[in-house]
Structures are given as structure tokens and as C-alpha cells.
Amino acid sequence: MATAVTAAVSFPASKSTSLPSRTSVTSPDRILFKKLSLQYRDVSVSGRVVSVRAQVTTEAPAKVEKESKKQDEGLIVNKFKPKDPYIGRCLLNTKITGDDAPGETWHMVFSTEGEVPYREGQSIGIIADGVDKNGKPHKLRLYSIASSALGDFGDSKTVSLCVKRLVYTNENGELVKGVCSNFLCDLKPGAEVKITGPIGKEMLMPKDPNATVVMLATGTGIAPFRSFLWKMFFEKHDDYRFNGLAWLFLGVPTSSSLLYKEEFEKMKEKAPENFRLDFAVSREQTNEKGEKMYIQTRMAQYAEELWELLKKDNTFVYMCGLKGMEKGIDDIMVSLAAKDGIDWIDYKRQLKKAEQWNVEVY
Ligand SMILES: Cc1cc2nc3c(=O)[nH]c(=O)nc-3n(C[C@H](O)[C@H](O)[C@H](O)COP(=O)(O)OP(=O)(O)OC[C@H]3O[C@@H](n4cnc5c(N)ncnc54)[C@H](O)[C@@H]3O)c2cc1C
Ligand SMILES: NC(=O)c1ccc[n+]([C@@H]2O[C@H](COP(=O)([O-])OP(=O)(O)OC[C@H]3O[C@@H](n4cnc5c(N)ncnc54)[C@H](OP(=O)(O)O)[C@@H]3O)[C@@H](O)[C@H]2O)c1
């Protein structure tokens with residue numbers, strides 16, 4: 001059975017390109033998923049393992065059955081391998097950071113003609129043109145998909161990325177440009193691009209449209225969350241109408257590096273009850289103690305609320321971006337959990353098992 005889907009989309013962050021604003025498309029078949037019942041969670045309280053009922057402190061649906069996002073039979077993984085990649089074309093490529101931002105980030109859209117069917121939260125591989133220093137083709141690099149499954153044009157025929165141009169000075173004082181990120185950021189519309197995948201199950205969205213989805217991103221780690229949020233707030237699906245709470249924390253160095261800010265603000269206008277948006281601008285903001293405003297510093301300001309949400313069995317946390325953020329976030333969770341006599345590491349293990357704690361950092 002095909003599901004009719006109408007996508008209402010906008011692309012305000014783009015400086016040089018405007019995209020079609022409304023299209024009607026048909027999405028792939030939906031398949032029934034294996035169900036899991038996860039009402040109880042084992043936690044370590046003062047060294048003892050006990051089973052606790054997930055405590056619901058905000059209004060949550062009476063739903064007790066959960067659908068595993070990873071048992072999704074329709075999910076496609078590794079359709080295109082490095083030896084025989086899909087050849088797409090760059091349709092647009094736009095710098096989305098300001099000129100004074102430390103580093104450049106680009107948003108790009110590639111054609112797929114529907115041949116690379118992906119879900120929100122998956123990644124693709126890119127093989128840069130050219131050869132490495134040994135004369136071998138470049139190895140693929142992974143990039144989180146930044147568009148919803150419908151794609152930015154709403155026709156399921158494109159895939160978008162959000163890529164930071166890697167440039168650094170090595171120990172000899174030479175400027176080094178990352179192979180694939182520079183290849184991508186320099187791509188011109190019309191150019192061919194070798195795509196592998198799609199891959200990844202960790203960052204798939206929860207199936208429950210009433211879930212609380214807490215999204216923690218640093219820099220280009222925003223990519224999968226743009227994908228989630230488009231599906232939640234810019235599209236109309238017969239089989240999915242988001243009516244939970246989406247809470248995005250985004251950490252960037254400067255306000256000129258805030259990614260997709262206008263899109264997110266538009267979502268907030270559309271659904272103020274369902275979307276919370278918090279930025280942490282590390283080089284411009286500090287907390288009351290004068291400490292640098294990292295994503296975990298911003299989260300700490302909502303510590304109690306976040307901890308209460310984490311006790312609900314329909315709260316799902318996703319983390320994407322810099323590796324360093326994971327420890328920072330763990331540190332605040334340790335102290336929060338300890339207040340309730342709970343060992344965070346044990347609790348997190350249970351959350352992970354229940355697909356409620358999802359991490360893709362690099
Ligand atoms: C699952 C996953 C998803 C990802 N998603 C995204 C995404 O959405 N957007 C995105 O931009 N990136 C993403 N990445 C990172 C991406 O895969 C590449 O690693 C990144 O673009 C750099 O690749 P490159 O070819 O440009 O650099 P390379 O040519 O591969 O050079 C990178 C190497 O340069 C060296 N290096 C880097 N910085 C320094 C430094 N400051 N000093 C000294 N040496 C240094 C390191 O050895 C590093 O391994 C993701 C990675 C993973 C694993
Ligand atoms: N799926 C994935 O695995 C995935 C997907 C997308 C991107 N990535 C990776 O994620 C990284 C994102 O980098 P970017 O260059 O796009 O980001 P960026 O624009 O440099 O922003 C990163 C932000 O995180 C802050 N930060 C630095 N250390 C931190 C720490 N320990 N804890 C919390 N915040 C910290 C930075 O602050 P200061 O600079 O002021 O210190 C900055 O504000 C890249 O390495 C990219 O390859 C991975």
C-alpha cells in the first residue's frame with residue numbers, strides 16, 4: 001500500500017538558492033514492525049540492581065508497547081558499495097555559515113532519482129574524485145544525511161548533506177585541506193558525486209509520534225536532526241503526525257555559525273507546543289559562573305526537567321557531533337542521577353537497550 005504524503009517545505013537558510021515550496025509525492029510502502037514491551041528498567045541504586053517502573057512526570061500517552069526502530073524491515077542498508085557507487089549529481093551547494101564564522105559549513109543537495117532510499121537518521125558514504133598519495137582511489141567518508149526521507153524537494157529523489165570544510169595547519173606549519181570535505185564544499189551544481197550506502201540504524205527516529213525526542217548536536221552534528229525535524233514539522237504524512245515534544249540543543253562557536261536557524265525558528269512558530277529550541281554559542285555566551293557555553297552547559301540549566309523527562313519510557317535522546325560532547329553530557333547526567341541514588345552508567349545502559357539513548361559522535 002502506498003501512502004500519499006504532502007511535503008510543505010521551506011529553505012530559508014539558503015543564501016543563494018530557493019527551492020520549490022510545496023509538492024505532493026508518494027512514499028514507499030510502510031511495513032509492520034516487531035513490538036517490544038519495555039515498561040521496566042533495571043537500575044543500580046546505591047550499588048544494588050533494582051527494577052524500577054519508568055516514572056511519568058509529564059503527561060504521557062498510556063501506551064506501553066514500543067516499536068523498535070531497528071527492526072524496520074523496510075530499512076535499506078548498503079545498497080551501493082564502494083566498488084559500484086551510485087553516481088548522483090550536485091543540484092545545489094550553499095554556504096550556510098557567515099563570512100566571519102570560524103570555518104565554513106555548506107548545505108548541498110544531490111540527485112538520487114529515488115535510487116538511494118534512506119530513512120531519517122541514516123548516513124551515506126562519499127568517494128571524493130581523484131586518488132590518494134599511493135595512487136589509489138580515495139576511501140569513502142561518511143556523512144549524516146541532513147534531509148528527511150522525502151528530500152528537500154519533497155519528491156524522494158534527492159539527498160542532502162551538511163558538511164564542514166576541514167582545514168588545519170599541521171606540525172610543519174603547512175595548511176592541510178581535508179580530502180572529502182573540501183571536494184564536497186567545492187562541488188558545483190551539475191557535478192557528479194559517488195555515493196555509497198545508505199547506512200546506519202543507531203540514529204533512526206522513534207516510531208512513536210507522541211514521543212519526547214531530545215536532540216543534542218554540536219556543529220554539523222545537526223544533520224540528522226534537521227532530517228527528523230523536517231519530517232515532524234514541515235511535512236504531512238498519512239501515517240505519521242508528530243504530536244510529542246521535540247527539544248533541540250545546538251552548540252556552535254559563534255552566532256554566525258548557527259546552522260539552519262531560520263528553519264528551526266519557523267518550526268517553532270508553527271508548533272510552539274511541540275518544539276523547544278536552545279542554542280549554546282560557545283565563544284559568545286557564558287553561564288552565570290562565567291563558564292563557556294557548551295551544549296552541556298546549556299543543558300545543565302534545564303537539568304531537573306531533563307532528568308524528569310529521562311524517567312519517561314517514551315523519551316528518546318539523540319547525540320551527534322564532536323566526540324568531546326559525550327563526556328560533558330555524561331558528567332551532568334552522573335550528578336543528576338546521583339541525586340536520586342541512581343548510577344548513571346547503569347541507567348544509561350538500560351536506556352541504550354531500550355533505544356532511548358542514541359549516540360553518533362566522531
Ligand atoms: C557516522 C559519521 C557521520 C559523519 N557526518 C558528518 C557530517 O554530517 N558532516 C561533516 O562535515 N562530517 C561528518 N563526518 C566526518 C566526515 O566523515 C569526515 O571525517 C570529515 O569530513 C573529514 O574528512 P576529509 O576527507 O575532509 O578529511 P581527511 O582528508 O580524511 O583528513 C582528516 C584527518 O586529518 C587529520 N586532522 C584533522 N584535523 C586536524 C587537526 N586540527 N590537526 C591535525 N590533524 C588533523 C586527522 O588525521 C584526520 O583523520 C561524519 C563521520 C562519521 C563517522
Ligand atoms: N554522525 C557523526 O558522527 C557526525 C555527524 C556530523 C558531524 N560529525 C563530526 O562532528 C564534528 C562537528 O564539528 P563542527 O566543526 O561542525 O563543529 P563546530 O562548528 O566547530 O562546533 C562545535 C561546537 O562544539 C563545541 N565544543 C568543543 N568541544 C566541546 C566539548 N568537549 N563538549 C561540548 N562542546 C564542545 C565547540 O566550541 P569551541 O570551538 O568554542 O571550543 C563549538 O561550539 C566534526 O568533527 C564532524 O566530523 C559527526
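The values are calculated or read from the model by the stated rules, or taken from the named source; none is laboratory data. Owing to the predicted nature of the structure, the values given are computational and were not obtained by experimental measurement. Heads up, the Cβs are rebuilt from the backbone with ideal geometry, glycines too, and the neighbour counts pull from every protein chain shown. Keep in mind that these areas ignore ligands, DNA and RNA; they rest on the heavy atoms of the full protein, side chains included. Shrake-Rupley method; radii C 1.70, N 1.55, O 1.52, S 1.80 Å.
Structure values in brief
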| quantity | calculated |
| --- | --- |
| Matching residues, segment 347-362, being of a type in the set (V, I, T) and surrounded by 17 or more Cβ atoms within 10 Å (Cβ to Cβ) | V359 |
| Within segment 154-175, considering residues that are within 15 Å of ligand 2 (Cβ to nearest atom) and open to solvent by less than 60 Å² (accessible area, probe 1.4 Å), the one farthest from I96 (Cα to Cα) | V159 |
| Cβ-Cβ under 6 Å pairs, at least 6 apart or on other chains, segment 255-275 side closer than 18 Å to P224 by Cβ, far side surrounded by 16 or more Cβ atoms within 10 Å (Cβ to Cβ) and modelled with pLDDT under 95 | Y260/A13; E263/A13 |
| Selection count, segment 270-290, where residues are open to solvent by 80 Å² or more (accessible area, probe 1.4 Å) and within 16 Å of G244 (Cα to Cα) | 2 |
| Helices (runs of 4 or more DSSP H) contained entirely in segment 255-330, each with at least 1 residues that are touching a Gly at 6+ places or on another chain (Cβ under 8 Å) | 295-300 |
| Lone unmet requirement of (1) within 16 Å of ligand 2 (Cβ to nearest atom); (2) at pLDDT 95 or above; (3) within 28 Å of K70 (Cα to Cα); (4) of a type in the set (V, I, T) for V334 | (2) |
| Scope segment 291-331; condition open to solvent by 30 Å² or more (accessible area, probe 1.4 Å), away from ligand 1 (no atom under 16 Å from the Cβ) and either under 21 Å from the mean Cα position of the chain (by Cα) or touching a residue at least 12 places away in the same chain (Cβ under 8 Å) (or both); matching residues | Y294, Q296, R298, A300, Q301, Y302, E304, E308, K327, D331 |
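Here is a yes/no grid of residues against (1) within 16 Å of ligand 1 (Cβ to nearest atom); (2) closer than 30 Å to M293 by Cβ; (3) of a type in the set (D, E, K, R):
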position: V176; (1), (2), (3): yes, yes, no
position: I199; (1), (2), (3): yes, no, no
position: M215; (1), (2), (3): yes, yes, no
position: F228; (1), (2), (3): yes, yes, no
position: E269; (1), (2), (3): no, yes, yes
position: R276; (1), (2), (3): no, yes, yes
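Here is a yes/no grid of residues against (1) under 26 Å from K312 (Cα atoms); (2) touching a His at 6+ places or on another chain (Cβ under 9 Å); (3) within 10 Å of ligand 2 (Cβ to nearest atom):
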| site | (1), (2), (3) |
| --- | --- |
| P206 | yes, no, no |
| N210 | yes, no, no |
| L216 | yes, no, yes |
| K236 | no, no, no |
| G244 | yes, no, no |
| L248 | yes, no, no |
| T254 | no, no, yes |
